[in-house]
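So the structure is just underneath, and the comments pick up after that.
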Amino acid sequence: MLGNARLIDLLKEYPKESMTEKMYRSCQKILKENKKQDITVENMATKSQAAKGLLVWILAILSYYEVARNVEPLREKVKSMEKAQAQTEAELSKLNSTLQKLNSELSELRKGYKEANEELSDLQLQAAQMEKRLNAASTLIGGLTGEKSRW
């Protein structure tokens, strides 16, 4: 593998999202078992620059996995929250549309109520005028009845 001329390209193209828990534990186990040999980037640099680069890459992939393992549930939560937000916004839009229709209907009803109230006021005024005229006419007829006998 180290003799492969495309090793750097393969490492760059490595599908880090496909790393499994088993692979992660296996790498951690190897690093732990070789702790006595003090496998660090600094120590590896004294032995081989190529090995140092490979160790840096391995540690980076392991760190990526640790972060990705914690981030993935958060990504799922974000997706579900975005879905819930979209549903809520759709419901809000629907409710706003209904509210607008109801406000329009309420405005029409208020307009009709105002017109009916104005008509009622006019009719009550006319009724009061008619009643006054009727009383005046009754008074006049009652007064003229007395004049009939005089004539």
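The values are calculated or read from the model by the stated rules, or taken from the named source; none is laboratory data. Predicted, not measured: the structure shown is a model, and the values here were computed from it. Backbone-built Cβ (ideal geometry, glycine too); neighbour counts: all protein chains shown. Heads up: the accessible areas ignore ligands, DNA and RNA and are worked out on the full protein's heavy atoms, side chains in. Shrake-Rupley method; radii C 1.70, N 1.55, O 1.52, S 1.80 Å.
Some notes on this structure:
- First in the range 64-90 and within 24 Å of Tyr14 (Cα to Cα), second anywhere and open to solvent by 70 Å² or more (accessible area, probe 1.4 Å) and not in a helix (DSSP H, G or I), Cβ under 6 Å, 6 or more apart: none
- Residues considered: Lys52, Lys79, Lys114. Of these, the only one that is closer than 30 Å to Cys27 by Cβ, modelled with pLDDT of 95 or more and assigned to a helix (DSSP H, G or I) is Lys79.
- Scanning the range 5-17 for residues that are over 12 Å from Leu62 (Cα atoms) and surrounded by fewer than 10 Cβ atoms within 10 Å (Cβ to Cβ) gives Ala5, Arg6, Lys12, Glu13, Pro15.
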